[in-house]
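Below is one structure, written out as structure tokens, with a few remarks after it.
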Amino acid sequence: MTNHKYDYTQLIGFKIIKGEVLIKRKLLSAFLEKGYDITFEQWTVLNVLYAEPGLIQSEIAIKTYKDKTNLTRILDVLSKKDYIVRETHDKDRRSIRIYLTDTGKMMFHDLIPCAKSINEQFREGISDEELKVFMSVLERISGNAE
């Protein structure tokens, strides 16, 4: 039996999770400073709804990689906070479309500069070319994981 040194800190998954934890911590701390107590999961859903208003729940689940139960819970919380509204589709009564409320849009507009600024901090010392390669590699890793 060969003795290969196993260092979990060099695993791709470990590096990605470490980055995710640090990124979430920084982003949510900045949001809290602006007076918004939201989770990263809520922020992810709000981003999708901002980019594509009127999606149905199954479409949001696919775009955010969340299961239906978890997403329903997130949407319920966002609804209680008056950030989203569920509307029945005109042509298909079974289809519920989800939109940001005016409160949700105002909050989102307030946080966009904050998110962009933090993203720029994460890019510090990384060239456009390096970032392009990094994004491409991350996409391939995600593709391999699927």
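The values are calculated or read from the model by the stated rules, or taken from the named source; none is laboratory data. Please read these numbers as outputs of a predicted model, since none were measured by experiment. FYI the Cβ positions are ideal-geometry reconstructions off the backbone, even for glycines, and counts take in every protein chain you see. The accessibility values were calculated without ligands, DNA or RNA, using every heavy atom of the protein model including side chains. Shrake-Rupley method; radii C 1.70, N 1.55, O 1.52, S 1.80 Å.
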Number of positions in the stretch 24-57 that are out of contact with any helix residue (DSSP H, G or I) (no Cβ under 7 Å at 6 or more places or on another chain) and more than 30 Å from HIS89 (Cα to Cα): 6
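Test LYS66 against the stated conditions and say whether it is under 23 Å from ILE141 (Cα atoms), open to solvent by less than 70 Å² (accessible area, probe 1.4 Å) and in a loop (DSSP other than H, G, I, E, B). Working first, answer last.
On the way: under 23 Å from ILE141 (Cα atoms): yes; open to solvent by less than 70 Å² (accessible area, probe 1.4 Å): yes; in a loop (DSSP other than H, G, I, E, B): yes.
Yes.
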Please go through the stretch 48-58 and give me each residue that is at pLDDT 95 or above and part of a helix (DSSP H, G or I), ordered by number. VAL48, LEU49, TYR50, ALA51
What are the residues in the stretch 118-146 that are at pLDDT below 95 and of a type in the set (S, T, N, Q), if any? ASN119, GLN121, SER142, ASN144
Inter-residue pairs, beta-carbon under 9 Å, first aromatic (Phe, Trp, Tyr) and in the stretch 46-63, second crowded, with 18+ Cβ neighbours inside 10 Å, 6+ apart: TYR50/LEU100; TYR50/GLY104; TYR50/PHE108
Condition check: in contact with a Ser or Thr (Cβ under 9 Å, 6 or more places away or on another chain) and surrounded by 11 or more Cβ atoms within 10 Å (Cβ to Cβ). Does ILE96 satisfy that? yes
Which members of the stretch 8-44 meet the condition of being open to solvent by 60 Å² or more (accessible area, probe 1.4 Å) and charged (D, E, K, R)? LYS15, LYS18, GLU20, ARG25, LYS26, GLU33, LYS34, ASP37, GLU41
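Per-residue answers, yes or no, for (1) part of a loop (DSSP other than H, G, I, E, B); (2) β-branched (Val, Ile, Thr):
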position	(1), (2)
SER79	no, no
ARG86	no, no
LYS91	yes, no
ILE98	no, yes
HIS109	no, no
ILE112	no, yes
LYS116	no, no
